[in-house]
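All of the numbers you see were taken from the coordinates with simple rules; none came from a lab. As the structure is a prediction and not an experimental result, all values here were calculated from the model. Backbone-built Cβ (ideal geometry, glycine too); neighbour counts: all protein chains shown.
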Amino acid sequence: MKSNALLGLGASLFVPCFSYAQKGQEAKPQTPNVVFIYADDLGYGDLQCYDGTRVETPNVNKLAKSGIRFLNAHATASTSTPSRYSMLTGEYAWRRPGTDIAAGNAGMIIRPERYTIADMFKNSGYATAAIGKWHLGLGDKDGEQDWNAPLPTALGDLGFDYSYIMAATADRVPCVFIENGKVANYDPSAPIEVSYKKPFEGEPLGKDHPELLYNLKHSHGHDMAIVNGIGRIGYMKGGGKALWKDENIADSITTHALDFIRKNKDNPFFLYFATNDVHVPRFPHERFRGKNPMGLRGDAIVQFDWSVGRIMELLDKLGLRENTLIILSSDNGPVLDDGYDDHAVELAGDHKPGGPLRGGKYSAFEAGTRVPAIVSWPKQVKKGQVSDVLVSQIDWFRSFSGLIGATLPQGTAPDSQNRLGNWLGTDATDRPWVIEQANDHTLSVRTKDWKYIEPSNGPAMIPWGPKIETGYQKTPSLYDMRKVNEQENEADKHPEIVARLQAILKDVRGF
Ligand code: NG6
Ligand code: CA
C-alpha cells in the first residue's frame, strides 16, 4: 500500500514540515480527535449564526459559541470536486487536469500514490474515516467500474480505514452507498449497471416519464435515470435494495459517523463527515419537512444542523468533546435553483444564502468561495471568538500536520501552509493571499483588502439554469474588499495593485 511503500523508501524522504509555522506554534504536538464537518453548497449567509434570517440552526450556533467563527474563510473552488481535491491533498486542483465536477462513474481522481490528509492522520496513529459525499471518483478508470464486485481502488488506498460514501452526489448515479469499496447492502437480484453515455433499454427516463417523478421534478438537467421518484444525472440499472432513499441519507450517514466515533472512543480518530445537505436534490426526512418557511432548502439546512447536533451530543456523552477539534465548513457557495423544482427561489424571501456577498456557487465572485467556517476545541481554543483573519481550506493539511507533529513525505501538500495559529485563534496575521477557482477555471487572488479576478471569456451569468452572476469579465477586475462587495471594478484606477496581484498569481501558478 502507498503509505507503507513510501515509508519503505527510507527516512531521508521524510522532512519535518514546520516551514510556515506561525508564531506560538512551538508547542508540543497534540493529538485531539479531529472531525471535519463539510457541508455541501452551504452559503456564507445560510446559518443563523452567520445572520441567516428565516432559519434556525441551534446546534451550529452552539458549536460556534464554543469556539471561533471565521468571517473570511475560503474554499479553494466554487464547486465540489476541485474544492475537495485541494482540501484533501493540499494541492490546488487547477494544477491537476481532471479535477472538475466529477461524474458518478469517474475513476478515482486522487491516485493511490498520493499522500492525503487521511494518510497523514493514519500514519500518526489515528483511526480514519470518510463518511458521506465523496465526489472524487472510484476505481481505476472512468466508466469501467464493475459495481457488483469490490472496486480495485477506493478510499482504503487514500488513508481512510473506513468509508461509507456516496460515489458522487445525490443527483448523480449510482444511487447506492459504497462501504469500504463495495456497494453497501448489495442486492444480488438486481445487478448494477451505470453509464453516462447511453440509457439502458427498458429503463424509463425522467425526460420521457414525468409521471414517475413522484418525489421531485427537475427544473433543468436531471432528466435521465429515475431513482426514488427523482430524476438524476446519468443512466443506471438495478440496485434493488441497495438503492438509497433520499429522505434517509442524513440519517444513514449520521448513524455511520456515530458508530465510527463510538468504536474509536479510546483512540484518536479523524472523521471526514461530508454531508449531502444542502446539495440538490433536497429531499430531507419527513420529520424536517414543512417546518421552515423556505421549503425544502430550509428544511435541508435544519437537517444539516440536526446531524451536527447528533455528533456533538455523542462526543459529550462519551466525554470526548473537550479534546475533539471540530471544524465545520462548506465546499463552495450557495445556489437556489440547481436543477430541481423545489421552490428554493420563490421561498427564499429575504434570506440571502450568500449573505452580503456577490455571486454564488460556480462564480468567481466572493460568494462562490467565501464560506462559513467554525473551529471548536474546548480544551485548547478560547470560546466565543469571531475572527476576520483571511484563511483558506488549502491550509488545513499542513496546519493539522503541524498540530499533531506529523512528518510528511517530500512533495506532499505543496500548496498548503501551516497556519495553525490562525485556525486556533492565537494568531490574527492574515494569509498574505488566497487563490480562488471559479467553475470555468478563472482564478482570483484575494488579499485582505483587494480581490483581483483574471480576465475570462465566460458569460456574465451562469448559462444553464441557476441565476448566478459569474464575475467573469474580458478585462482584469479589481475590487476593493473594504467596500460593499465587488460592486465597482477599480482595475483602471489602481494599475499598480492589479500588477501586484497578477504577479502573485503568476508566481503561484508558474506562468
Ligand atoms: C451541475 C449540476 C448541478 C450540480 C453540480 C455539481 C446540472 C444541470 N447541474 O452540473 O445540479 O450537481 O453540477 O455540484 O446537471 S457540486 O456541488 O457537486 O459541485
Ligand atoms: Ca458543493
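Worth a mention:
- Restricting attention to segment 332-371 and to residues that are under 20 Å from ILE453 (Cα atoms) and in a strand (DSSP E or B), the residue that is nearest to ligand 1 (Cβ to nearest atom) turns out to be VAL371.
- Note on segment 406-511: enclosed strands (runs of 3 or more DSSP E) holding 2 or more residues that are more than 23 Å from LEU357 (Cα to Cα) are 407-409.
- Of GLY239, GLY295, all but one fail to be in contact with a Leu (Cβ under 7 Å, 6 or more places away or on another chain) and either hydroxyl-bearing (Ser, Thr, Tyr) or on the phi > 0 side of the Ramachandran plot (or both); the exception is GLY295.
- Within segment 396-436, being buried (at least 23 other Cβ atoms within 10 Å of the Cβ), more than 13 Å from GLY90 (Cβ to Cβ) and charged (D, E, K, R) holds for one residue alone: GLU436.
- Number of the condition not met by THR255 [criteria: (1) surrounded by fewer than 19 Cβ atoms within 10 Å (Cβ to Cβ); (2) among the β-branched types (Val, Ile, Thr); (3) under 24 Å from ALA106 (Cβ atoms)]: (3)
- Within the option set ARG262, ARG297, being within 29 Å of SER392 (Cα to Cα) and either buried (at least 22 other Cβ atoms within 10 Å of the Cβ) or not β-branched (Val, Ile, Thr) (or both) holds for one residue only, ARG297.
- Taking the listed residues ALA93, ALA106, the one that is of a type in the set (Gly, Ala, Ser) and either in contact with a Phe, Trp or Tyr (Cβ under 8 Å, 6 or more places away or on another chain) or closer than 20 Å to ALA438 by Cβ (or both) is ALA93, with no other qualifying.
- Restricting GLY137, GLY104, GLY132, GLY98 to residues that are within 15 Å of ligand 1 (Cβ to nearest atom) and without any contact (Cβ under 8 Å) to a residue 24 or more places away in the chain narrows the list to GLY98.
- One residue stands out in segment 47-86 among those that are within 16 Å of ligand 2 (Cβ to nearest atom) and part of a strand (DSSP E or B): the one that is farthest from VAL445 (Cα to Cα), namely ALA73.
- Residue in segment 208-230 that is surrounded by fewer than 16 Cβ atoms within 10 Å (Cβ to Cβ), aliphatic (A, V, I, L, M) and farther than 19 Å from LEU151 by Cα present: yes
- Candidates in segment 111-140 are the residues that are assigned to a loop (DSSP other than H, G, I, E, B) and under 14 Å from SER80 (Cα atoms); of these, the one that is nearest to ligand 2 (Cβ to nearest atom) is HIS135.
- Among the residues of segment 286-336, those identified as touching a residue at least 40 places away in the same chain (Cβ under 8 Å) and aromatic (Phe, Trp, Tyr) are PHE304, TRP306.
- Qualifying position, being touching a strand residue (DSSP E or B) at 6+ places or on another chain (Cβ under 9 Å), more than 30 Å from PHE121 (Cβ to Cβ), touching a residue at least 40 places away in the same chain (Cβ under 8 Å) and among the charged types (D, E, K, R), among ASP223, ASP246, ASP277: ASP246
- Looking only at segment 306-331, and only at residues there that are over 20 Å from TYR126 (Cα atoms) and among the polar types (S, T, N, Q), the one that is nearest to ligand 1 (Cβ to nearest atom): SER330
- Residue within segment 380-395 that is surrounded by 24 or more Cβ atoms within 10 Å (Cβ to Cβ), assigned to a helix (DSSP H, G or I), at negative phi and more than 16 Å from ligand 2 (Cβ to nearest atom) present: yes
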